[in-house]
Amino acid sequence: MTFNLAHNQFSKSLILVGLVALLAASCNSVKRLGDDEYLLNKNIIHINQAKQKDALKPIIKQQPNRKILGTRFYLHIYNSFDSGDTTRFKSWMKKTLGEPPVILDSALTSRTSEQFLLYLHNRGFFNATVSDSVHHKGRKKVNVHYIVDTGQPYTIRNISYKVEHPVLNKIIDEHKNRTFLIPGMNYDVDSLQKERERLTQRFKNTGYYYFNREFIYFEADSSLKSSQIDLFFGIDTSTDSITPSSAPVQNFKPYHIRNIYYNSYFDPRNPLPNPNADTVAYGGINFVVWPDANKLNYNTLARNVMLSKGDLYQTKMAELTYNRLSSLNIYRFINIRFDAVPPDMEEDSIRYLDCQILLTPQMRQAYSIEAEGTHSGGNLGIAGNIAFRNKNLMGGAESLELKIKGGMEVQRAFSDSESSTDKVLFFNTLEIGPELKVTLKRLVVPFFRISGYNLEEPGLTTISTSYNFQQRPEYQRRIFNLATGYEFKTSPYISQTLYPVDFNYVQVNLSSSFEEKLLAIGDLGLINSYTSHTTLAGRYSWIYNNQDVKANRNFNYIKFNLESSGFLLRQGLRAASVSTDSVGSHNLFGVRFSQYVRPELEFRHYQVIDARRDLVMRAYTGAGFAYDNSNVLPFEKSFVGGGSNGIRAWKARTLGPGSYDNTTGIEQTGDFKFELNLEYRFDVFAILEGALFADAGNIWLLTKDDSRPGGRLEFDKLLAETAVGAGVGFRLNFTFFILRLDPAIKLFDPSQPDGSKWVLPNQKLKDINFNLGIGYPF
């Protein structure tokens, strides 16, 4: 009792210290300002067009100091270390964590008003007016108000193209339906630039290699005595140096591909051709072969060159070639160059380009040793792997990876007798096993020829096998896996995975005490989860991700996964009149095989607030339906609650199912899972990032289990059985990997009695669950 009271008093003291610190930070923000200096507190935009307000905010030239929990924490740190004698530590704190006060600069305020006006003019608000004023807030703080009257926007009345070149004019007419400009829309400079870029790409994809966007001009006629504009697009036929012969626009012609040279051993430090090199023609491509070089699989490499001899030059095909060669992951540098062939003397002769594909290979073979510390659901351990990789096994970008993975962990045993089992050092859990994976950079289906799939990437065919041995205090488990599948993209944002064969053989040997405990509990579903079994499954995944790494904008992630096991095998054995065991189930290799359907759906939305802050929302649901040959999901296919990537206030496999209060200490699984996560991420300083997060969700059973009361899913009780937790995260972003610490605490615990489920007032420091992970949780 004294221990709990001491912790309670300590918690209250921490809260008091925090409040005092926040108050001090607020008072200290203007402490060191000069007589004529004022701290910028806030920028306020007053505008009659609410839609334009969000677009104007990033244009403001002077932003106030950042806030955390309503206080200017970084400014407070800066001021705290900006007094007394200067030391290296003070300078470091000011530079890395502190932020100097943002003092009002009237020149930047005026520039902001000018930029507002320029932005509005570019959006068709030619009669807009912008003014600014400064309002004092308190003794040394000011708010800057921007008063914006956009006026009536100008709209486009007519659009016409003045192009004298007959072929270009025809190209424009054929693709007018894809224009970014529509009569009636607001005049917008960005739309004009998009239209200019669209036309340029259209011409360059029709052979006009030397065409430049600067050749296209537009004129706007606003002298209509109304809020309308007539637009005129044209091509400047007086521009010189459009082609190597400096011919004017009306005379230049489309270019065709003459020869393609594929040099897989180009050295940028010594670009001169190797006099001993030979050339091998294959599939319309001239492969430059170097003496003593590794043998090339010409068929695979030619398949990834999307340019063809005699075709019109197309920028998009050159880009596709670059992307596909890059996806082979065997070249360190890729350079695709086009050289104009001098034209014949006759004016009507065809113009040609020679294509040089210059490639610098990566190291073909590599070895790696990796080690890491683990923290899984509160269990500490070490893990590592030794890997050998060959990135170009047979000269066609086939990769082979052989990996031996292992790990040891300290896990809590379910009984005292089990805690005395054999240990390695002080670890009581061992996991080790080899894994072999071969990847072909194309889609290979026996007896079928794959063609017509998306050209973004060549697709992957993988064949993998692995063996894993697990030693735990309660059981030994051996898992053998054999899988083959395909990965491909059908659009820049959509990728799909199909694994028609995913075979698992799982052999489980229980300790006598653990077996007795399972029998005493009497949960058939739990007992079946710890029995030997096989699965012959197929799975399909569809992923949509419109993230653009080059643009700091909002994006979404959607994943649908469907897995099915045992149906075809069960039907085949039935058709063959194979006998069943005593409970009516078929066996494979003397072990009952699992039969189930398991759909999953996940949605994430990443809201970019600014360059330093993001808001991430996630929703996930999944269900597993065991039927016919088995009445329970395999242990490894069941759903679990808690953990560093789920409801972080609970340790992994300790949450649920439903309102069931687990007093057995045995890991809990379920047939249905639902989760909601909300995470606010922000930069703190240098490599340190912070996060505030809240998690909600649980797992449930789909059938009644008398040994786990409250575990069955009942939709009218869904909300009352949804666990809620929250926490503060700390992440070290080293660019190549992220180390994450997410301490979390329970807010709502569905396993507690009615009236006591809101547990936050009773939570203490010892109840914080610390989650250590690599990478973001989602």
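For the peptides 142-152, 43-53, the ranking by mean Cβ contacts within 10 Å, running from highest to lowest, is 142-152, 43-53. The listed peptides 555-566, 670-681, 537-548, 167-178, ordered by packing as a protection proxy, come out as 670-681, 555-566, 537-548, 167-178 (highest mean of other Cβ atoms within 10 Å first). Note on the stretch 569-671: the C-alpha convex hull projects to 10.3 nm² when averaged across all orientations. Taking packing as the residue-averaged number of other Cβ atoms within 10 angstrom, the listed peptides 694-701, 298-305 run from highest to lowest as 694-701, 298-305. The stretch between Leu436 and Ile687, if pulled fully straight at 0.36 nm per residue, gains 86.8 nm over its current Cα-Cα span. Around the amide H of Tyr187, modelled in the peptide plane, lie the amide H atoms of Tyr154, Thr155, Ile156, all under 5 Å away and 5 or more residues distant in sequence or on another chain. Rolling a 1.4 Å probe across the protein heavy atoms gives the chain an accessible surface of 53 Å² per residue. Here the simple spin-label model places points 7 Å from the Cα toward Cβ, and for Asn631 and Leu272 these points are separated by 8.2 nm.
Calculated FRET efficiency, Lys53 to Ile350, Cβ-Cβ distance, R0 = 51 Å: about 0.40 to the nearest 0.05. Our summary gives the chain a relative contact order of 6 percent, counting only alpha carbon pairs under 8 angstrom and 6 or more residues apart. In order along the stretch 618-634, phi translates into HN-Hα couplings of 9, 10, 9, 8, x, 8, x, 10, 8, 7, 6, 7, 8, 10, 8, 5, x Hz, rounded to whole numbers, per the Karplus curve 6.51 cos²θ - 1.76 cosθ + 1.60 with θ = phi - 60° and x for Gly and Pro.
For the chain, what is the mean residue ellipticity at 222 nm derived from helices alone (per DSSP H run of n ≥ 4: -39500 (n - 2.57); sum divided by total residues; nearest 500 deg cm²/dmol)? It comes out at -5500 deg cm²/dmol, rounded to the nearest 500. Residues whose amide H falls under 5 Å from that of Gln362, counting only those 5 or more places apart or on a different chain, are Tyr331, Arg332, with hydrogens built in the peptide plane. What separates the Cα centres of the stretch 280-336 and the stretch 673-717 is a distance of 48 Å. Label-to-label distance for Asn212 and Asp706 is 8.6 nm, based on points extended 7 Å past Cα in the beta-carbon direction. Computed from the C-beta positions of Glu114 and Asp36, the FRET efficiency with R₀ = 30 Å rounds to 0.80. Full extension of the chain between Ala387 and Leu562 gives 59.9 nm of extra length, using 0.36 nm per residue less the Cα-Cα distance. For the chain, the membrane-span-like helices by this rule, meaning whole DSSP H stretches whose C-alpha atoms cover at least 15 Å of axis and whose Kyte-Doolittle mean is 0.0 or above, are 2-28; this says nothing about an actual membrane. Per-atom-type breakdown for the chain gives carbon and sulfur 56% of the accessible area (1.4 Å probe, protein chains only). In this structure, the amide hydrogen of Ile647, modeled 1.01 Å from its nitrogen in the peptide plane, lies closer than 5 angstrom to those of Gly642, counting only residues at least 5 positions away or on a different chain.
Full extension of the chain between Phe770 and Leu482 yields a length gain of 100.1 nm, computed as 0.36 nm times the residue separation minus the alpha carbon distance.
In terms of its alpha-carbon gyration tensor, the chain comes out oblate; a/c meets the 1.5 threshold, while b/c is at least as large as a/b.
3J(HN,Hα) couplings calculated from phi for the stretch 138-151 with the Karplus curve 6.51 cos²θ - 1.76 cosθ + 1.60 (θ = phi - 60°) are, in sequence order, x, 6, 10, 10, 9, 10, 9, 9, 10, 9, 10, 10, 6, x Hz; Gly and Pro show x.
The values are calculated or read from the model by the stated rules, or taken from the named source; none is laboratory data. For clarity, every value in this text was computed on a predicted model and none was experimentally measured. All Cβ positions, even for glycine, are placed from backbone atoms using ideal geometry, and neighbour counts span all protein chains on display. Surface accessibility is based on the protein's heavy atoms, side chains included, excluding ligands, DNA and RNA. Shrake-Rupley method; radii C 1.70, N 1.55, O 1.52, S 1.80 Å.
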